[in-house]
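J.: Have a look at the structure that comes next, please.
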Amino acid sequence: MVEITGIKFLVILFRLFHVANAQGICSCPSSPTTYTATFEKNLKSLLASIAANAASLPGFFYNTTEGNSPDQVYGLVQCHADVSADECRSCAAVATSQITGSCRTFKTAMCWQENCLLRYSSEHFFGVADVPRHSVQNDKGISNPSQFRSIVLSLISKLTGLAATNKSSLSYATDAVPYADNVTVYGLVQCTRDLSPAACRLCLNNSVNSILSCCIHKQGARVLSGSCVLRYEVYPFFGKFSKPTLLQPPAANGPISPGPLPHLPLDNPSGNSGRGFWRIMTILSTIGGGLLAACILLIVRARKHMEKVRYERETSLLEVNGQNYQHGTNYEVAMVRLRTVQAATDNFSELNKLGQGGFGPVYKGILPSGQEIAVKRLSQYSGQGIREFKNEVKLIGNLQHKNLVRLLGCCTEEEEVLLIYEYLPNKSLDTFLNDPQKRELLDWETRLNITMGIARGMVYLHHDSRLSIIHRDLKAANVLLDEQMNPKISDFGMARIFSGNQTQANTKIIVGTYGYMAPEYAMDGLFSTKSDVYSFGILLLEIISGQLNRKFNHAHQEARSLVGFAWSLWSRGMGLEFVDPLLRERSPTREILRCLHIGLLCVQEDAESRPTMSSVLLKLGGECLALPTPTIPAFSMRKIKDGSSKSQSSSLNGVTYTEVAPR
């Protein structure tokens, strides 16, 4: 439990009364910081400049900086576009005074008044969409929540479009729509004018998500952020219709009641004794209300503290392969709250779905900072499951290489199992090889760059990382491409770690994808770094030919697989016929045929005859190195598994032959 002494209780009560009488909300970090005298001087100069220039520019927006690094300070003020210049200057002056008193010694602070926002920080924040900081709601509910929700969301969506796209709107929009008899819903949105249209829309969309989770069933609500404001009410509150209101601070960061303050009946026609009686009642009511609010505040804080302790206890330890790995000690993966992922993906909207993999569906998301992410959500029907999830978290948290996809965080909350990765806009390599139009974008220079990048990533896994890792599922669908078409290896759920001088291992559970498995692994469960080399060889042959091994179909050829087709042509001196027709006339054929030779060395049936990934990388980059003659590869795994050329279409023992969707 949270222990609170009598003195602390009185301090909290005093602060409660003090803040309740303030005409605004100021937000500071949870812990004060220490800054130099130079920074304090710069801050005072900046706040004075903001107060003096609040209404000097069109749109009542002013931003500036003072001083030089490391004592530089950034600040801005934004007034509502419907207020007068005098009202804007007055609001900025009040905000300046309040933020100085409430957030003294803080390097970052924000203050919201009824008609303006003031913000400063020691870090550059201009043009960046801020996250919602406070949600504010009216205490009264609504009679028809479903209809009201629809009307409010439609109104806010319209206003968001106006504020984010119409430059003449000064990033500000208001409107009113009828709801019921004699009831109208009024809405207001505004972004700070340093935001781009996309950043403005992002800020307002995050505010909408906040309202949906807390306040949509109330008659009025507002969300306050450092770069936008969103508000709706069932009474007019903006422009010439606005009523005087006071922003009340939220109890323990919870929702509070905006709108007009109730008028206490201080006048009594019966005389002075009546007025005295009402004064006494007012004082007693104020004290009683303050005590009640303080008690609620303590209860809420105690509950939040217990929730935090419970959450830390549940998420600080991840059990991996039967051992406990303390978060932050053996590997570094951030634990992300579910509500953050839900907001980023619009609650896993189908519109944000990127595809479907063996782990489950993959969604695109946008964090409040504007960073794009890819979220893998474990399906209850997944053939991989929790063991692979933990394995991936353990492994990729220890790996840092430009040719490996970055795991940004994970979430195990409310029965959801999520992995959050960096988003790569060009998706996976197989989407290019599988699409004739996209494949035209893959000239030889691009294909060679992809090949070299994959090789570097595999060398890092096998030899250069702290762990010696066998991927076991290297394939085109697990090679993602960034904006510059640089490859990043993904999906480490099936990977295994080798320790010490271990060079190979045996398993009864075969996992991976048919067509990419080395013969010794598919038949005997024996895997090593050389089984990854075999998978790399298949990838290299696919890149050269522009064909996917799983979709290879040459009815009139003796070869029954891409590997067999490559060997058949190369051994007869006809290797050029194996090359993608898009490359034959405009690419260095000698270099391509050398890569075909290297690919055949990688897919030899005898694992000992295959080169290491380090040797493969040297051979790819050194034309002067002599290449040994490859031996006959194992032509088709399909023949071994089912005795025919029929494609495998089902999963067995964790082996997949599905069309894995791009990330």
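J.: Can you run down the residue pairs with Cβ atoms below 6 Å, 6 or more apart or on separate chains, where the first is in segment 169-197 and more than 19 Å from His80 (Cβ to Cβ) and the partner is part of a strand (DSSP E or B) and not hydroxyl-bearing (Ser, Thr, Tyr)?
T.: Correct list of pairs: Val177/Val185; Tyr179/Val185; Thr184/Ala176; Thr184/Pro178.
J.: Residue under question is Arg456, and the condition is that it be surrounded by fewer than 16 Cβ atoms within 10 Å (Cβ to Cβ), of a type in the set (D, E, K, R), within 29 Å of Thr612 (Cα to Cα) and touching a residue at least 60 places away in the same chain (Cβ under 8 Å); does it hold?
T.: Numbers: surrounded by fewer than 16 Cβ atoms within 10 Å (Cβ to Cβ): no; of a type in the set (D, E, K, R): yes; within 29 Å of Thr612 (Cα to Cα): yes; touching a residue at least 60 places away in the same chain (Cβ under 8 Å): yes.
Against the criterion (surrounded by fewer than 16 Cβ atoms within 10 Å (Cβ to Cβ), of a type in the set (D, E, K, R), within 29 Å of Thr612 (Cα to Cα) and touching a residue at least 60 places away in the same chain (Cβ under 8 Å)), Arg456 does not qualify.
J.: Which ones in segment 199-228 are at pLDDT below 85 and of a type in the set (Gly, Ala, Ser)?
T.: Ser213
J.: If the requirement is being polar (S, T, N, Q), touching a Gly at 6+ places or on another chain (Cβ under 9 Å) and not in a helix (DSSP H, G or I), which of these qualifies: Ser143, Ser135?
T.: Numbers: Ser143 fails: touching a Gly at 6+ places or on another chain (Cβ under 9 Å).
Answer to the selection: Ser135.
J.: Does Glu608 satisfy the condition of being at negative phi, in the same structural domain as Ile489 (by TED's automatic domain parsing) and at pLDDT below 90?
T.: No, not satisfied.
J.: Moving on. Which condition from (1) assigned to a loop (DSSP other than H, G, I, E, B); (2) in contact with a Ser or Thr (Cβ under 7 Å, 6 or more places away or on another chain); (3) at pLDDT 85 or above; (4) of a type outside the set (D, E, K, R) is the one that Pro32 breaks?
T.: For Pro32, the failing item is (3).
J.: Moving to a separate point now. Looking for whichever is in contact with a Cys (Cβ under 8 Å, 6 or more places away or on another chain) and not assigned by TED's automatic domain parsing to the domain that holds Lys619 here; the options are Val405, Val417. Which one fits?
T.: On the way: Val405 fails: in contact with a Cys (Cβ under 8 Å, 6 or more places away or on another chain).
Of the residues listed, the single one that is in contact with a Cys (Cβ under 8 Å, 6 or more places away or on another chain) and not assigned by TED's automatic domain parsing to the domain that holds Lys619 is Val417.
J.: Which numbered condition trips up Ile366, out of (1) modelled with pLDDT under 70; (2) within 17 Å of the chain's Cα centre (by Cα)?
T.: Every condition holds for Ile366 apart from (1).
J.: Test of understanding: among Tyr74, Tyr120, which residue is at pLDDT 90 or above, buried (at least 23 other Cβ atoms within 10 Å of the Cβ), farther than 20 Å from Ser207 by Cα and among the hydroxyl-bearing types (Ser, Thr, Tyr)?
T.: Working: Tyr74 fails: buried (at least 23 other Cβ atoms within 10 Å of the Cβ).
Only one candidate qualifies: Tyr120.
J.: Scan segment 180-192 for residues that are at pLDDT below 90 and either charged (D, E, K, R) or within 24 Å of Tyr62 (Cα to Cα) (or both) and report the count.
T.: Counting residues in segment 180-192 that are at pLDDT below 90 and either charged (D, E, K, R) or within 24 Å of Tyr62 (Cα to Cα) (or both) gives 1.
J.: Condition test on Leu433, is it at pLDDT 90 or above and of a type outside the set (Phe, Trp, Tyr)? Spell out the reasoning first.
T.: Working: at pLDDT 90 or above: yes; of a type outside the set (Phe, Trp, Tyr): yes.
Yes; evaluated as a whole, the condition is true for this residue.
J.: While we're on this one: Can you find even one residue in segment 479-492 that is without any contact (Cβ under 8 Å) to a residue 60 or more places away in the chain, within 18 Å of Val362 (Cα to Cα) and of a type in the set (A, V, I, L, M, F, W, C)?
T.: Filtering segment 479-492 for residues without any contact (Cβ under 8 Å) to a residue 60 or more places away in the chain gives 481-485.
From what is left, the residues that are within 18 Å of Val362 (Cα to Cα) are 481-482.
Subsequent filtering for residues that are of a type in the set (A, V, I, L, M, F, W, C) retains 481.
Looking through segment 479-492, at least one residue is without any contact (Cβ under 8 Å) to a residue 60 or more places away in the chain, within 18 Å of Val362 (Cα to Cα) and of a type in the set (A, V, I, L, M, F, W, C).
J.: Say whether the condition of being within 17 Å of Arg201 (Cα to Cα), touching an Asp or Glu at 6+ places or on another chain (Cβ under 8 Å) and among the small types (Gly, Ala, Ser) is met by at least one residue in segment 176-187. Steps first, please.
T.: Start the filter on segment 176-187 by keeping residues that are within 17 Å of Arg201 (Cα to Cα), which leaves 187.
The next check asks that each one be touching an Asp or Glu at 6+ places or on another chain (Cβ under 8 Å); those that pass are 187.
Among the residues that remain, those that are also among the small types (Gly, Ala, Ser) are: 187.
Yes, some residue in segment 176-187 is within 17 Å of Arg201 (Cα to Cα), touching an Asp or Glu at 6+ places or on another chain (Cβ under 8 Å) and among the small types (Gly, Ala, Ser).
J.: Restricting to segment 407-440, and then to whatever is within 29 Å of the chain's Cα centre (by Cα) and free of Cβ contacts under 8 Å to residues at least 24 places away in the same chain, can you tell me which residue is farthest from Ile489 (Cα to Cα)?
T.: Taking segment 407-440 as the starting set, the residues that turn out to be within 29 Å of the chain's Cα centre (by Cα) are 407-435, 438.
Of the ones still in play, those that are also free of Cβ contacts under 8 Å to residues at least 24 places away in the same chain are 415, 435, 438.
Working: Glu415: 28, Asp435: 20, Lys438: 20 Å.
Going through the qualifying residues, I end up with Glu415.
J.: Taking the options Ala52, Ala48, Ala95, Ala81, name whichever one is part of a helix (DSSP H, G or I) and touching a Leu at 6+ places or on another chain (Cβ under 6 Å). Steps first, answer last, please.
T.: Numbers: Ala52 fails: touching a Leu at 6+ places or on another chain (Cβ under 6 Å); Ala48 fails: touching a Leu at 6+ places or on another chain (Cβ under 6 Å); Ala81 fails: part of a helix (DSSP H, G or I).
Ala95 is the lone residue from the list that is part of a helix (DSSP H, G or I) and touching a Leu at 6+ places or on another chain (Cβ under 6 Å).
J.: Please go through segment 338-353 and pick out each residue that is at pLDDT 90 or above and of a type in the set (Val, Ile, Thr).
T.: Val341, Thr345
J.: Identify the residue in segment 460-495 that is of a type in the set (Asp, Glu) and within 14 Å of Pro425 (Cα to Cα) and, among all such residues, is surrounded by the most Cβ atoms within 10 Å (Cβ to Cβ). Break it down into steps so the answer makes sense when it comes.
T.: Filtering segment 460-495 for residues of a type in the set (Asp, Glu) gives 464, 473, 482-483, 491.
Now restrict to residues that are within 14 Å of Pro425 (Cα to Cα): 482-483.
Details: Asp482: 16, Glu483: 8.
Result: Asp482.
J.: Which of the residues spanning segment 158-197 are farther than 22 Å from Gln78 by Cβ and either among the hydroxyl-bearing types (Ser, Thr, Tyr) or not in a strand (DSSP E or B) (or both)? Spell out how you get there, then give the answer.
T.: Looking only at segment 158-197, we keep the residues that are farther than 22 Å from Gln78 by Cβ, and these are 176-185.
Result: Tyr179, Asp181, Asn182, Thr184.
J.: One residue is enough: does segment 392-403 have a residue meeting the conditions farther than 30 Å from Asn206 by Cβ, at pLDDT 80 or above and surrounded by 15 or more Cβ atoms within 10 Å (Cβ to Cβ)?
T.: Yes, that holds for at least one residue.
J.: Can you tell me which of (1) at pLDDT 90 or above; (2) crowded, with 19+ Cβ neighbours inside 10 Å; (3) over 34 Å from the mean Cα position of the chain (by Cα) is the one Val83 doesn't meet?
T.: (1)
J.: Also, quick follow-up: Considering every residue within segment 627-638, establish whether at least one is part of a helix (DSSP H, G or I) and either modelled with pLDDT of 90 or more or more than 26 Å from Arg439 (Cα to Cα) (or both). Steps first, please.
T.: Quick first cut of segment 627-638, residues part of a helix (DSSP H, G or I) only: 637-638.
Okay, now just the ones that are also either modelled with pLDDT of 90 or more or more than 26 Å from Arg439 (Cα to Cα) (or both), so 637-638.
Scanning segment 627-638, I find at least one residue that is part of a helix (DSSP H, G or I) and either modelled with pLDDT of 90 or more or more than 26 Å from Arg439 (Cα to Cα) (or both), so the answer is yes.
J.: Can you report the number of residues in segment 556-574 which are in contact (Cβ under 8 Å) with a residue 12 or more places away in the chain and either of a type in the set (Asp, Glu) or not in a loop (DSSP other than H, G, I, E, B) (or both)? Step through it out loud before you land on a result.
T.: Going residue by residue through segment 556-574, those that are in contact (Cβ under 8 Å) with a residue 12 or more places away in the chain are 559-567, 570.
Filter once more, so that each one left must be either of a type in the set (Asp, Glu) or not in a loop (DSSP other than H, G, I, E, B) (or both): 562-567, 570.
The number of residues fulfilling the criteria is 7.
J.: Find the helices (runs of 4 or more DSSP H) located wholly in segment 390-463 whose residues include 1 or more that are in contact with a strand residue (DSSP E or B) (Cβ under 7 Å, 6 or more places away or on another chain) and β-branched (Val, Ile, Thr), and list them. Even if it seems obvious, please write down each step before you answer.
T.: Working: elements: 429-433, 436-439, 444-459.
Those helices (runs of 4 or more DSSP H) span 444-459.
The values are calculated or read from the model by the stated rules, or taken from the named source; none is laboratory data. Everything numeric in this text was worked out from a predicted model, so none of it was measured. Virtual Cβ from ideal backbone geometry, glycine too; neighbours counted across all protein chains shown.
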